[in-house]
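A quick write-up on the structure given underneath.
The values are calculated or read from the model by the stated rules, or taken from the named source; none is laboratory data. This is a predicted model, so every value here is computed, not measured. No Cβ is skipped: glycine too gets one built from the backbone with ideal geometry, and neighbour counts run over all protein chains shown. In case anyone asks, the SASA skips ligands and DNA or RNA and just uses the protein heavy atoms, side chains included. Shrake-Rupley method; radii C 1.70, N 1.55, O 1.52, S 1.80 Å.
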Amino acid sequence: MYQPNRRRLIATAALLPLLSLSDVVRAAQPDLSALRPMTADIKPIGRAERAQRLARAQALMRASGIGAVLIEPGSSLVYFTGIRWGRSERPLLAILPVEGNPCIISPFFEEPRMRETLGIPAEVRVWQEDEDPLAVVAGLLKDRKLLARPIGIEESVRFFIPDALAHAAPDARIVSANPVVRRCRMIKTAPELMLMQRATDITIAAYRWLHPRVERGMTGSDIGALMDAAMTKLGGSPEFSMALVGEAAAYPHGTKAVRRVDAGQIVLMDCGCTVEGYQSDVSRTFVFGAANARQRKVWDQVHQGQQTAFLAARIGHPAGSVDDAVRRLYTSFGYGPGYKLPGLSHRTGHGIGLDGHEPVNLVHGEATLLAPGMCFSNEPGIYIPGSFGVRIEDCFYMTQAGPTWFSEPPPSIDQPV
């Protein structure tokens, strides 16, 4: 049975009367001395980049007839303003106008803290605890002469905010901001791609460190903790580290049952980290010990499915056509049809950037046309309930010449990382 750092713990126990609690904790940690940070040269997104984002958004607003876009804390607020903020019952909001500088609507007592991460030139208006913050928004829109135009609401904004705005500004026409925000965020620029590339490089380096350290008796949580430790040491901020052992791998996100690594068992990992907020998402599937013929066959089929998706991703083609190409292949193998099991029960991929899952998806029926700068995961797993599953996931971005990998898929089940 696996025990974390068993030899070190035994040696430490013998010296316990001589050691402090911090010494004992350090002794139980994995040896990460071979890993070095990979982010020393990273440049955060700066004001010039955010100015270009605002200019792009304002051009899209003019094209769509939208007068302003309202955003609350989350990745879109970070994208346009640099402000990193949690959501609460006290709204902090950004208004992007079709012309001029944005405005931040902030609780009065939070203004100093908000300004610490504000990354753009902006007007700031505050509201006191006994005031209606959406009345302040309505006042800003009136002062900027924007109430005669539709007001776009970013898609993740909570319902009570546009509902309160409708009461504060009854004549305002509230519409979706998707034609503006989505079209900005879906197309990644060179600085964004660089950050995503580094997050992926860190994840791959962590996998290479981890793989030979997986031991018999480990649980998925044990493996995930090692992966988090490696990504942190390499300079990433761990976002998720899932490890599914044995039959748990037959279900894309596993089950509550605790399973331990043993000879001949599949280990399916799905892990990612962030660099300056930009995400990676990489899955690897391997066998602890020797793989059997069935495991090899399914692994090779998933590898072929991933390559099929990559080749199907072409500029000007609907995003859904990538998913369709994979399902045709899997149907020819005898899986499905469609999303039925055994087979591929989830979409082939999702958009990725500041969020791990962003619009649009590589899913049947998605009509959005692929364009340069779009980024996707490519993860057409095969799942066999009651037995095991295989998922190989690498992300790619679109260029005029076609897709380019952030990370190259592994060549075989014998070289899984």
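Brief remarks on what is shown
- Heavy-atom accessible area with a 1.4 Å probe sorts 222, 323, 171, largest first, into 171, 222, 323.
- Sorting the segments 38-49, 405-416 by their mean number of nearby beta carbons within 10 angstrom, highest to lowest, gives 405-416, 38-49.
- Dimensions of segment 26-178 along the principal axes, based on C-alpha atoms and rounded to the nearest Å, stand at 64, 37, 25, largest first.
- In terms of its C-alpha gyration tensor, segment 356-417 has an oblate overall shape, because the principal axis ratio a/c (a ≥ b ≥ c, square roots of the eigenvalues) is not below 1.5 and a/b does not outweigh b/c.
- Heavy-atom accessible area ranking, 1.4 Å probe, most first, across 196, 242: 242, 196
- For segment 76-111 versus segment 141-198, the gap between their alpha-carbon centres in whole angstrom: 11 Å
- Overall shape of segment 309-417 was characterised from the C-alpha gyration tensor. The equivalent ellipsoid obtained from it has semi-axes of 23, 17, 12 Å, in decreasing order.
- Segment 224-376 - Rg and Dmax from Cα coordinates, angstrom: 16.7, 47
- Prolate is the label for segment 188-252. Its Cα gyration tensor axes, ordered a ≥ b ≥ c, give a/c of at least 1.5 and a/b above b/c.
- For residue 362, the residues 5 or more places off, or on other chains, whose built amide H falls under 5 Å of its own are 349, 350, 351.
- Cα-only radius of gyration and Dmax that characterise the chain, units Å: 24.4, 77
- The GluC sites (Glu not before Pro) of segment 98-150 meeting both criteria, a DSSP state outside H, G, I, E and B (loop) and at most 10 other C-beta atoms within 10 angstrom of the site's C-beta, are 116, 129.
- Accessible surface ranking for 207, 251, 1.4 angstrom probe, highest first: 251, 207.
- Long-range amide H partners of residue 175 with built H, under 5 Å: 151, 152, 153
- The alpha carbon centroids of segment 298-312 and segment 388-417 are separated by 9 Å.
- All Cα pairs of segment 276-327, percent lying beyond 14 Å: 66 percent
- Using alpha-carbon coordinates, inclination of helix 220-233 to the longest axis of the chain, degrees: 60 degrees
- Cα-based shape type of segment 91-146, given that a ≥ b ≥ c are square roots of the gyration tensor eigenvalues and the cut on a/c is 1.5: oblate
- For q = 0.13, 0.22 Å⁻¹, Debye-computed log10 I/I(0) when each Cα of segment 124-264 counts as one equal scatterer: -0.80, -1.27
- Calculated mean residue ellipticity, 222 nm, the chain: -10500 deg cm²/dmol, from DSSP H runs (n ≥ 4) at -39500 (n - 2.57) each, averaged per residue and rounded to 500.
- Karplus 3J(HN,Hα) series, Hz, for segment 339-356 with 6.51 cos²θ - 1.76 cosθ + 1.60 (x for Gly, Pro): 9, 6, 9, x, x, 9, 8, 10, 4, 5, x, 9, x, 8, x, 5, 9, x
- The amide H of residue 127, built 1.01 Å from its N in the peptide plane, has 106, 108 as neighbours under 5 Å, considering only residues 5 or more places off or on other chains.
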